[in-house]
Amino acid sequence: MNNPQVLNILSERSKEGRKSFAVLIDPDKVSDEDSLSEIIHLSVKHGVDFFFVGGSLITEDSLDWVVRMLRAESSLPVVLFPGSNLHIHQQAHAILFLSLISGRNPELLIGQHVVAAPILKKSRLEVIATGYMLIGSGIQTTAAYISNTLPIPNDKPSVAACTAMAGELLGLRLLYMDAGSGAPEPISQRVIGAVRRSVDLPLIVGGGIRSGAAARQALQAGADVVVVGNGIEKNPNLLIEVSYIVHELNAALNVHE
Ligand code: 1GP
């Protein structure tokens, strides 16, 4: 397998200030092959950068065909975003090896990792040590409930910043700040900005992004990558809108060079 070296791509783009767009496919929410095929087609056509695949809870037996179809119908990097060590698939390119550093549940800080480690060491997956931070959005999301952790409050940017700094000092390579899938509000610009100013790691932001304007706000506040899942499942045109904004911000960068 010719792996695309996802962390290198993200780090280079982050250094250059170039923004990226990841479409999140939750295997539980993909109704059939036709609807996934439509999303793949739109993603390729409109220059999406990555597919993330996963969710905190996968109840359907769909991870396998979803990953295979993403690989067969596009050449975009397929990155696993696992909810547990059950969500490993060898046909993906990379896996976010998530440590839930916003929480205090040892199982998600190190426990699941111990079980997954021997499988991942033998695999050809690119394993990316990722500090995963859940940020509160006013409701209890599935991610917060299933992980049995308290998210960082959305009005506590300094807590988010200190958590991110700790993740960086522990040697994590990537940060993923998530309001949780379907969150009523995306993460505030204050929280994103505070984290951006505190660490040099590539910063992924997702959860509750349902408009191009919300994606733009996250990117302008300092996110390197925006992740959109739920909103695209409901309205595939959102994919086109967010792609346009990411390309517009990157084009402005070229003009200023
Ligand atoms: C969730 O960050 C992702 O873990 C994406 O969230 O589904 O709300 O877009 P949405």
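Of all the numbered requirements in (1) in a helix (DSSP H, G or I); (2) open to solvent by 10 Å² or more (accessible area, probe 1.4 Å); (3) within 30 Å of Ser31 (Cβ to Cβ); (4) modelled with pLDDT of 95 or more, Leu219 misses one, and that requirement is (2). Evaluate region 128-144: report whether one residue or more is modelled with pLDDT under 95, among the hydrophobic types (A, V, I, L, M, F, W, C), under 19 Å from the mean Cα position of the chain (by Cα) and within 16 Å of the ligand (Cβ to nearest atom). Yes, some residue in region 128-144 is modelled with pLDDT under 95, among the hydrophobic types (A, V, I, L, M, F, W, C), under 19 Å from the mean Cα position of the chain (by Cα) and within 16 Å of the ligand (Cβ to nearest atom).
Within region 90-97, one or more residues are farther than 22 Å from Ile135 by Cβ, touching a helix residue (DSSP H, G or I) at 6+ places or on another chain (Cβ under 6 Å) and buried (at least 20 other Cβ atoms within 10 Å of the Cβ). For region 195-206, a tally of residues being of a type in the set (A, V, I, L, M) and either part of a strand (DSSP E or B) or open to solvent by 50 Å² or more (accessible area, probe 1.4 Å) (or both) returns 3.
Pairing residues of region 35-61 that are more than 16 Å from the ligand (Cβ to nearest atom) with residues that are assigned to a helix (DSSP H, G or I), at Cβ distances under 6 Å and at least 6 apart in sequence or on separate chains, gives Ile40/Glu73; His46/Ile240; His46/Ser243; Gly47/Ser243.
Among the residues of region 49-81, those identified as surrounded by fewer than 23 Cβ atoms within 10 Å (Cβ to Cβ), over 17 Å from Glu33 (Cβ atoms) and modelled with pLDDT of 95 or more are Asp49, Ser75, Leu76, Pro77. Gly111 falls short of the stated requirement of being farther than 17 Å from Ile204 by Cβ, of a type in the set (Gly, Ala, Ser) and crowded, with 16+ Cβ neighbours inside 10 Å.
Restricting Ile209, Ile192, Ile187 to those that are open to solvent by less than 60 Å² (accessible area, probe 1.4 Å) and in a helix (DSSP H, G or I) reduces the list to Ile192. Checking Ala213, Ala223 one by one, the residue that is within 15 Å of the ligand (Cβ to nearest atom), among the small types (Gly, Ala, Ser) and in contact (Cβ under 8 Å) with a residue 12 or more places away in the chain is Ala223 and no other. Taking the criterion of being modelled with pLDDT of 95 or more and more than 29 Å from Ala160 (Cα to Cα), would at least one residue in region 97-115 satisfy it? Looking for residues that are modelled with pLDDT of 95 or more and more than 29 Å from Ala160 (Cα to Cα), one finds none in region 97-115, hence no. Just a yes or no: is a residue in region 36-48 within 25 Å of Ala143 (Cβ to Cβ), of a type in the set (D, E, K, R) and out of contact with any Gly (no Cβ under 8 Å at 6 or more places or on another chain)? No, region 36-48 contains no residue that is within 25 Å of Ala143 (Cβ to Cβ), of a type in the set (D, E, K, R) and out of contact with any Gly (no Cβ under 8 Å at 6 or more places or on another chain).
Per this entry, Ile152 is not counted among residues that are within 16 Å of the ligand (Cβ to nearest atom), buried (at least 22 other Cβ atoms within 10 Å of the Cβ) and closer than 27 Å to Val78 by Cβ. The residues of region 231-244 that are of a type in the set (Val, Ile, Thr) and either within 15 Å of the ligand (Cβ to nearest atom) or in contact with an Asp or Glu (Cβ under 9 Å, 6 or more places away or on another chain) (or both), listed by number, are Ile232, Val242.
The values are calculated or read from the model by the stated rules, or taken from the named source; none is laboratory data. Here the structure is a predicted model, which means the values were calculated and not measured. All Cβ positions, even for glycine, are placed from backbone atoms using ideal geometry, and neighbour counts span all protein chains on display. Side chains are part of the model used for accessible areas, which takes the heavy atoms of the whole protein and leaves out ligands, DNA and RNA. Shrake-Rupley method; radii C 1.70, N 1.55, O 1.52, S 1.80 Å.
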